[in-house]
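Comments concern the structure below.
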Amino acid sequence: MSGRNSYYITTPIYYVNDKPHIGHAYTTLACDVLARFKRMDGFDVHFLTGTDEHGQKVEKAAEKAGVAPIEFTNAVSQNFRDLAARMNYSNDDFIRTTEERHKKATQALWNKLVEKGDIYLGAYEGWYAVRDEAFYTETELTKGPDGKLIAPSGAEVDWVEEPSYFFRLSAWQDRLLQFYEDNPGFIKPESRRNEVISFVKGGLKDLSVSRTTFKWGVPVPNDDDHIMYVWLDALTNYLTAVGYPDQECESFKKFWPADLHMVGKDILRFHAVYWPAFLMAADLPVTGRVFAHGWWTNEGQKISKSVGNVIDPLQLVDEYGLDQVRYFLLREVPFGNDGDFSHNAMVSRMNNDLANDIGNLCQRVLSMVYKNCDKRIPEPGTFTEEDQALLDAAKAMLPTVRGHMDNQAFHRALECIWAVISDANRYVDAQAPWALRKTDFARMETVLYVLADTIRRLALICLPVMPESCSKMLDLLQIPEDDRSFESMDKALASNTELTKPAGIFPRFVAPEEGEGA
Ligand code: MSP
């Protein structure tokens, strides 16, 4: 929320029916970059991720593996924690829906909805897709290749008939539409907002929120035959993690309502229709924004287990490097659009944007400083117009990038940063400090100073995206830990600081077979 100094950002909590893939890594990465950016910008950040462990899909997966659901979820949930560590995610909490704190929060929310008259007992008859854990109407279904009915997502549906509690979603239609109108920034991107609005305008039916045909879930209070619908359970995680039902605790007061729920486009409806309705019904303030990002394909093909082209993020990191993958995922595709992962595109970003553009800039400038300036950051003389132009461009980056980050436009933020990298590279070529070394040493010192300070700003602003590499850049420049926030952005580089020997930070891609011989 604007005007406050806290920032609460969440990823979806991931189903534990399978191991993590690129989609999971992508959603969490986007949140990680925003969380890191906001922390550097002075915000008190709470960044939450975790696992969604209940529901029929997980129960079935455990059964298939021949183990008890909890044993199964313990193991798979750990894979997501491991992914977070390997991807260098800076999450402040990792929630599991099988935790006691979550059961307590979910049951409290349920009781509140019952108390408000928004939950009633009825019977459900209709189509259900276990893969999506979602109900579908007949009109949404089509015939699949084998003649079976399938949901718009491609998931198979089953006919379900059982007693069920319902949430009075139909009663929230007008209030939801009013909410969207009053809060135009609630759903992003804009095209997704329009989709949601027309879905809601099309009419909302009451939502079945309990199941009786399996057991793996949070029990409905006072009715042991029912467990809660997994989406009601799952969405509540965002409240659990900040202390709900205790609305007076410090974390709840500081962080609720959340600022941003980051989700993939496939789960927007749950977050932008059901969730605000649940929250309003429970008299709770609604999250500031739900952003729906697009989906990745692999070399032009839809990713699917049956095709066998699922992308393992850990494998990508092993092959191309962690920061290279982090950069690629956020730079390659306008955030919000679908995108294609290809080896060639990855290598091109790695070699061009990273090794050539920023890597070479850093390497050649710092080596020149190291060799020619007695290993110290030189003292600058008076700045020329060209010097000032580069310094100004570097200074102007932060407000622009901040604006893009606040709009979740990572690609634009990176474009803007890379424009300054190009300016800096052009400036090196035009100023030719290697020639000045012989003709005008003092001028060479000024040029190298301007460049080193620009590199400092670049390293700081890229730190949220490439924390490891940019920390190394800042280490090379001997920037103290305390000066690694945006507050210190305008604190010019100290002359005379002694540098350590520069080392390359952004390697070029080496194909495995070339690597072996080398
Ligand atoms: N458990 C629910 C979310 C509950 S949140 C209260 C869920 N889990 S999931 O494991 O299926 O979530 C996956 C996340 O990964 C979603 O945001 C989804 O959009 C994203 N992706 C899955 N495949 C993807 C791609 N191929 N590309 C990009 N993201 C994709 O849904």
**Q.** Selection from segment 97-141 of residues that are at pLDDT 95 or above, open to solvent by 50 Å² or more (accessible area, probe 1.4 Å) and of a type in the set (Ser, Thr, Tyr)
**A.** 120
Q.
Taking the condition of being surrounded by fewer than 22 Cβ atoms within 10 Å (Cβ to Cβ), more than 9 Å from the ligand (Cβ to nearest atom) and not in a helix (DSSP H, G or I), how many residues in segment 1-42 meet it?
A. 9
Q) Among (1) over 20 Å from the mean Cα position of the chain (by Cα); (2) in contact (Cβ under 8 Å) with a residue 40 or more places away in the chain; (3) open to solvent by less than 40 Å² (accessible area, probe 1.4 Å), where does residue 298 come up short? A) (1)
Q) Of all residues in segment 35-65, which are closer than 17 Å to residue 19 by Cα and small (Gly, Ala, Ser)? A) 50, 55, 61, 62, 65
Q. In this structure, does residue 162 turn out to be within 30 Å of residue 59 (Cα to Cα) and either in the same structural domain as residue 280 (by TED's automatic domain parsing) or loosely packed, with under 14 Cβ neighbours inside 10 Å (or both)?
A. yes
Q. Does segment 265-290 hold any residues that are in contact with a Pro (Cβ under 7 Å, 6 or more places away or on another chain) and either not hydrophobic (A, V, I, L, M, F, W, C) or not in a helix (DSSP H, G or I) (or both), and which are they?
A. 285, 286, 287, 288
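Rundown of residues vs (1) open to solvent by 50 Å² or more (accessible area, probe 1.4 Å); (2) away from the ligand (no atom under 13 Å from the Cβ); (3) assigned to a loop (DSSP other than H, G, I, E, B), yes/no style:
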position: 307; (1), (2), (3): yes, no, yes
position: 324; (1), (2), (3): no, yes, no
position: 333; (1), (2), (3): no, no, yes
position: 344; (1), (2), (3): yes, yes, no
Q: Identify the single condition in (1) assigned to a helix (DSSP H, G or I); (2) within 30 Å of residue 303 (Cα to Cα) that residue 152 does not satisfy, given that it satisfies every other one.
A: (1)
Q) Just checking, how many residues over segment 306-333 are among the hydroxyl-bearing types (Ser, Thr, Tyr) and in contact (Cβ under 8 Å) with a residue 24 or more places away in the chain? A) 2
Q) Of all residues in segment 112-136, which are closer than 20 Å to residue 55 by Cα and not in a strand (DSSP E or B)? A) 130, 131, 132, 133
Q: Can you give me the number of residues within segment 127-139 that are more than 16 Å from the ligand (Cβ to nearest atom) and in contact (Cβ under 8 Å) with a residue 60 or more places away in the chain?
A: 1
Q) Got a number for residues in segment 190-220 being open to solvent by 30 Å² or more (accessible area, probe 1.4 Å) and either under 23 Å from residue 123 (Cα atoms) or in a loop (DSSP other than H, G, I, E, B) (or both)? A) 9
Q) Taking residue 277 and the conditions (1) surrounded by fewer than 18 Cβ atoms within 10 Å (Cβ to Cβ); (2) in the same structural domain as residue 43 (by TED's automatic domain parsing), which numbered condition does it fall short on, given that it satisfies the others? A) (1)
(Q) When you scan segment 221-243, do you find a residue that is outside any loop (DSSP other than H, G, I, E, B), among the acidic types (Asp, Glu) and either within 15 Å of the ligand (Cβ to nearest atom) or crowded, with 24+ Cβ neighbours inside 10 Å (or both), even just one? (A) yes
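The values are calculated or read from the model by the stated rules, or taken from the named source; none is laboratory data. These numbers come from a predicted model, not from an experiment. Positions of Cβ are backbone-derived with ideal geometry, glycine not excepted, and every protein chain shown enters the neighbour counts. Ligands, DNA and RNA are stripped out before the accessible areas are found, and what is left, the full protein with its side chains, is counted by its heavy atoms. Shrake-Rupley method; radii C 1.70, N 1.55, O 1.52, S 1.80 Å.
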